[in-house]
Amino acid sequence: LIFHLFLIKSDQHFTTIIMKEKLYYIINGRSDTGKIRDHNEDDLFFSELPRLSSRNTLKAFEASSSLGVLLVVADGMGGMQAGEVASNIAIQTIAKRFEDLDTIPYGKNAIQNWLKETLIAAHQAILDDLESNPLRLGMGTTVIVGWILEEKLHVAWLGDSRCYLYRGQELKLLTNDHAPVWDLVLAGALSPEEARIHPNSHLITQFLGQTESWPEPDYMSIGFKKYDQVLLCSDGLNGMLPDDQIADVLGNESYHFKDKVRQLIDAANRAGGEDNITAVMAGLVPEKEVDRSIVISTKEKPQKEAATTTGKTAVEQKSKDSNLWLYLFSFFVVGSVLAMILFDMYKPTQAQSYSSSNTNVIQQATSSLNKIEKEANEVTQPSAIIPTEETSEQTDSNTVEVQQEEVEVNANEDNNVEQLTEEEDTTTTNATINKEDVDSTTVKEATENQIDGSKGT
C-alpha cells in the first residue's frame, strides 16, 4: 500500500516514480534526388511537439516533456514538373494543422479521425491551388504521417509511401500500398518481393490532388516502446531495397542513429537510385545512450508559440486530476486497513471478558450443585435396618417437598416420578432401602436439571 501511494499517472500510462526511466526521442531525416531524376519532388518534415521546428535536422528531446513526435513524408508527381509543389503544399498544410492544435484529441477514434481530416485538408489545399494554377493540373502527391504520442504510434497515409517498425531484430511493414500491384499481394497472387520489382509497381490508386474521386485515407496504430525504431519512406527507398536489407541497416549496432538514414539512402543509390529517395526515422532510447550535443529543450516558447502548448497543459491538468483521485483512493484503503487492525486488537479483550463471565456462572452453578447434594445426603442416609413408620413418614414428607420444588423448576420431572414409582412396584423386597436411594437420586437429578436450566438461560 505504501508503494502504491507513489503511483502517478504520466502520459496516460501508470508508472512508478522509483522505477521511471528517462527516455529520449531521437529523430532524423533526409531526402535525395537519386541517380536518375534531375530534380527532387519529394518533401519531408519531422519535429518535436508541441512546438514545430523549421529545420529538418537531427535532434533529441526528452519524451516525458513533449507531446510526441511528428513525422511526414510526401512523394510528389506530375503536372508541368509541379510534383514538388504538391508535396510542399501537403507538408505545409499538415504542419499548420499540428501547429494550430489546441488540445490532444481524446475519445474513441478521435486521433484517427483528426489525422484523416488533416490529410483531407491537405488534399483540399492542393485542389485550391489547382484552381488558381490550371497549368499544374495533374500534379499530386502521396503522403504518410506518423505521430508518436503517449507511447503509441499513429499512422495515416494515402498512396504507396510506407511506414516500417523495427523492434527486437524484426522489421514489420505497418502500411498497405494504395496500388494495384499491392492488391495482388494482399490477395496472395504475388509475394512482396515480386511486387517490388513488378513493372507496374509505380502505379497508385489514391493520392492527394486526385480529381476523379475523393481520397479515403487509411489509418493504423501500434504501441511504441523503448528501443523501437520507426521509418517513414518514399517508394524510392523500398523500391530499391528489399525489406531484409532495410532491416540489416536498422539493426546494425555499429551505426549511430544519425548515420542510419544516410546508410539507407546510400544503399538505395548503390542499387540504382531510380527515383527520389526520402527517409525519416524516430527512435526511443534511454538517456545514457543519447548524444548530448543533439539534445534540445522542449520547454514552451514565449509569445507566438504559446498556443501550441495548450495541448500539453490539458494533458498535465488531466494527469493532476487523475493523481488526486488516486491519492484519495489510496488513503481510503490505508484507513480501512488501520480500522481492521484496531478492531482485531479490541476483539481479544472482548472475548476474554465474555470468557470470564462464563467462568463465574459455571463456578456459581457448581457451588449450588454441591450445596444441594450435601443437603440431599443429610436427608437420605442409607441403612440396612428397616426404618420405623415415623421415620418413613418424615422421609416421605421431605421427598414430597423436594418434588414440589422440582415441579416449579422443571415440569418434565413428572415423568421421572412416574418412572421411579414403577421401579418401587418392581422392587418390593427392599422397598424401604430402595425408596430412600431413589429419593436421593431423584433429588440429585432434579438439582442437575435445575442447574442445566440455569446455564442454558
Original post:
Out of all the residues in region 290-301, is one or more assigned to a helix (DSSP H, G or I), out of contact with any His (no Cβ under 7 Å at 6 or more places or on another chain), surrounded by 13 or more Cβ atoms within 10 Å (Cβ to Cβ) and at pLDDT 55 or above?
Top reply: yes
Original post:
D128 versus (1) surrounded by fewer than 14 Cβ atoms within 10 Å (Cβ to Cβ); (2) modelled with pLDDT under 95: which is the lone unmet condition?
Top reply: (2)
Original post:
Do we find that T211 is hydroxyl-bearing (S, T, Y), under 16 Å from A74 (Cα atoms) and either in contact with a strand residue (DSSP E or B) (Cβ under 8 Å, 6 or more places away or on another chain) or touching a residue at least 24 places away in the same chain (Cβ under 8 Å) (or both) in this structure?
Top reply: no
Original post:
How many residues does region 188-201 hold that are surrounded by 12 or more Cβ atoms within 10 Å (Cβ to Cβ) and among the polar types (S, T, N, Q)?
Top reply: 1
**OP:** Find the residue count for region 151-174, including only residues that are of a type in the set (S, T, N, Q) and either buried (at least 20 other Cβ atoms within 10 Å of the Cβ) or in contact with a Phe, Trp or Tyr (Cβ under 7 Å, 6 or more places away or on another chain) (or both).
**Re:** 1
**OP:** From I144, I148, I222, I204, grab the single residue that is surrounded by fewer than 20 Cβ atoms within 10 Å (Cβ to Cβ) and touching a residue at least 40 places away in the same chain (Cβ under 8 Å).
**Re:** I222
Original post:
Which one of the conditions (1) small (G, A, S); (2) free of Cβ contacts under 8 Å to residues at least 12 places away in the same chain; (3) under 20 Å from F45 (Cα atoms) does A189 fail to meet, given that it meets all the rest?
Top reply: (3)
Original post:
Could you list, in sequence order, the residues of region 183-203 that are within 14 Å of N238 (Cα to Cα) and of a type in the set (G, A, S)?
Top reply: A195, S201
Original post:
In region 218-230, is there at least one residue being in contact with a His (Cβ under 9 Å, 6 or more places away or on another chain), under 30 Å from Q124 (Cα atoms) and assigned to a loop (DSSP other than H, G, I, E, B)?
Top reply: no
Subject >> Residues of region 250-282 that turn out to be at pLDDT 95 or above and either more than 28 Å from M77 (Cα to Cα) or hydroxyl-bearing (S, T, Y) (or both), as a count >> reply: 2
**OP:** Take region 252-270 and flag every residue that is surrounded by fewer than 16 Cβ atoms within 10 Å (Cβ to Cβ) and more than 42 Å from the chain's Cα centre (by Cα).
**Re:** D266, R270
**OP:** Give region 62-107 a look and list any residue that's at pLDDT 85 or above, over 17 Å from F207 (Cα atoms) and not in a loop (DSSP other than H, G, I, E, B), or say none.
**Re:** E62, A63, V69, L70, L71, A95, K96, R97, F98, E99
**OP:** Would you check which residues across region 22-50 are among the aliphatic types (A, V, I, L, M), surrounded by fewer than 23 Cβ atoms within 10 Å (Cβ to Cβ) and part of a loop (DSSP other than H, G, I, E, B) and list them?
**Re:** I36
Subject >> Flag if G236 is among the small types (G, A, S), in a loop (DSSP other than H, G, I, E, B) and out of contact with any Cys (no Cβ under 6 Å at 6 or more places or on another chain) >> reply: no
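The values are calculated or read from the model by the stated rules, or taken from the named source; none is laboratory data. Remember, it's a predicted structure, so these values are computed and weren't measured experimentally. Cβ: placed from backbone, ideal geometry, glycine included. Neighbour counts: every protein chain shown.
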